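Reading through the structure tokens given below for one structure.
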Amino acid sequence: MTGLAETSAGALRGDGADKVDRGSTADVLQGFLESQEITLESPDTVRRALRRVSQGAELPDAMIAESGHRADCGHTVTFDRNAAKSAGMLLQP
């Protein structure tokens, strides 16, 4: 899960030809979910994260929030206002 979040964060931050848009990254993960050759650590967590992405969250934020949910955390705290709004995290003032 951490690898997926970090890889997508790097792709979204890239410059020029290295930069990947949110939709393309989500499409790749959707392809992983549908693949018979690839097994993801927690496919349900990835599916929930992709739903958050379709509602406007950044993929890394959604993966972090959903990983916390999977671990039975009451909430995930962030300093990032956008993550708090779009990924369902609690904003630390």
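The values are calculated or read from the model by the stated rules, or taken from the named source; none is laboratory data. None of the values given here were measured: they were computed from a predicted structure. We place every Cβ from the backbone using ideal geometry, glycine too, and count neighbours over all the protein chains shown.
Quick notes
- Output for the stretch 40-93, where each listed residue is more than 14 Å from the chain's Cα centre (by Cα), part of a loop (DSSP other than H, G, I, E, B) and surrounded by 14 or more Cβ atoms within 10 Å (Cβ to Cβ): Asp80
- Criterion (modelled with pLDDT under 90 and of a type in the set (A, V, I, L, M, F, W, C)) met by exactly one of Leu90, Leu40: Leu40
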